[in-house]
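The structure under discussion appears below in the form of structure tokens.
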Amino acid sequence: MPTILVAPDSFKGTFTSVQVAEYIAAGIREEGLTAIECPLADGGEGTLDVLLVALNGEPQFQFVQGPLGQQVLARWGWVANQRLAIIEVAQACGLNLSGCTPNDSLRASTVGVGELMIAALTFGAEKIIVATGGSATTDGGRGAIDALHGHETALAGITIELLSDVTVTFEDAANVFAPQKGADPATVDLLNQRLDSLAMDYANRYGRDPRGIPQTGAAGGLSGALWSAFGAGLYSGADYVLNLVGFDELSKVADAVLLGEGKLDEQSFLGKIVGVAAGRVQDRPVLAVVGSTSLDLAEITQLGLAQVLIATNPSELLESGKILSQWLTLRG
């Protein structure tokens, strides 16, 4: 009986990766095939949930300052036996917490992320994982750095690991991502000037210039700020999670791998989970179920995918599992 590894990311703002895996796996099983559910994340939305399950952690809650100064109840994770804190940037300053206007894109701050890191320190964290995707900010991490003032000594004694779903450098953060956060061309210019000024400030203060370093542009430059100030490690969120859940080993015992995410687009080639995971599968067909795609057939093939189906609701996700199971059975 063929076995399919069902390893989707979340469909942003719609379904968690756990839900997507459950729906698709149910369709596969209705066709008489075996499904192994392996929810994934790439450092963006949903990473906290996946890591809490993988590491047997417990959710915690903390009121912090949101991107526009509002009070936000943010969820974070604590793994007591490892003295490990898991922070998802989107919980404190996600796009859903901003109006995404030009003014909002200029004002949006990472202060709340710094406050979550302070909460982790009060728990006695020896390591902090920060999932950087999904932010409304392009403040170059200045808000977080200001919030962490006075805690520098404590932070110097712990490990900080930044999980990114992009490879963009600090100086390109505004050009690449700020328009998605509400910035118009004039605001992008202002943000570029601010990022350049911050980079020089970080280089002078900490001796580490984030410009030109891949992944320092994540969360609007937050990752570059934490890299400069505290020597935080920069990691591909996709590879980090794939390693943690044993994706390579699971894919080897499956007859096919079924990936998924909310949208396939040009960023799928720049560190998003489908592109990274597909590149790690050997000698197995790789399929995908997505909410939408802007890629043409040649680009889909270049990404390493044999088939792509569109699904936007539970019944379509269930049906996609059936269709891809039938495709695999007919393929032999």
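The values are calculated or read from the model by the stated rules, or taken from the named source; none is laboratory data. All of these numbers come straight from a predicted model, not from anything done at the bench. Counting neighbours? That spans all protein chains shown, and the Cβs are built from the backbone with ideal geometry, glycine included.
See the values below:
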| quantity | calculated |
| --- | --- |
| The lone exception for T159 - which of (1) touching a strand residue (DSSP E or B) at 6+ places or on another chain (Cβ under 8 Å); (2) of a type in the set (S, T, Y); (3) within 16 Å of C93 (Cα to Cα) it fails | (3) |
| Residue that is closer than 30 Å to L198 by Cβ, of a type in the set (D, E), touching a Leu at 6+ places or on another chain (Cβ under 8 Å) and free of Cβ contacts under 8 Å to residues at least 60 places away in the same chain, where the choices are E115, E88, E58 | E88 |
| Only one of L258, L303 that is crowded, with 16+ Cβ neighbours inside 10 Å, touching a residue at least 40 places away in the same chain (Cβ under 8 Å) and either basic (K, R) or within 28 Å of E88 (Cβ to Cβ) (or both) | L258 |
| Test result for R211, part of a loop (DSSP other than H, G, I, E, B) and at pLDDT 95 or above | yes |
| Odd one out for V245, checked against (1) at pLDDT below 95; (2) among the β-branched types (V, I, T); (3) farther than 20 Å from I273 by Cβ | (3) |
| Output for segment 116-136, where each listed residue is under 19 Å from the mean Cα position of the chain (by Cα), among the small types (G, A, S) and either part of a loop (DSSP other than H, G, I, E, B) or under 17 Å from W227 (Cα atoms) (or both) | A131, G133, G134, A136 |
| Helices (runs of 4 or more DSSP H) wholly inside segment 15-115 that include at least 2 residues being out of contact with any helix residue (DSSP H, G or I) (no Cβ under 8 Å at 6 or more places or on another chain) and under 30 Å from A256 (Cα atoms) | 17-30 |
| Any chance A26 is at pLDDT 95 or above, over 30 Å from T101 (Cα atoms), of a type in the set (A, V, I, L, M) and surrounded by fewer than 18 Cβ atoms within 10 Å (Cβ to Cβ) | yes |
| Subset of segment 285-300 that is surrounded by 16 or more Cβ atoms within 10 Å (Cβ to Cβ) and farther than 22 Å from V166 by Cβ - its residue that is nearest to the chain's Cα centre (by Cα) | V289 |
| 3 or more residues touching a Gly at 6+ places or on another chain (Cβ under 7 Å): qualifying strands (runs of 3 or more DSSP E) within segment 218-332 | 286-293 |
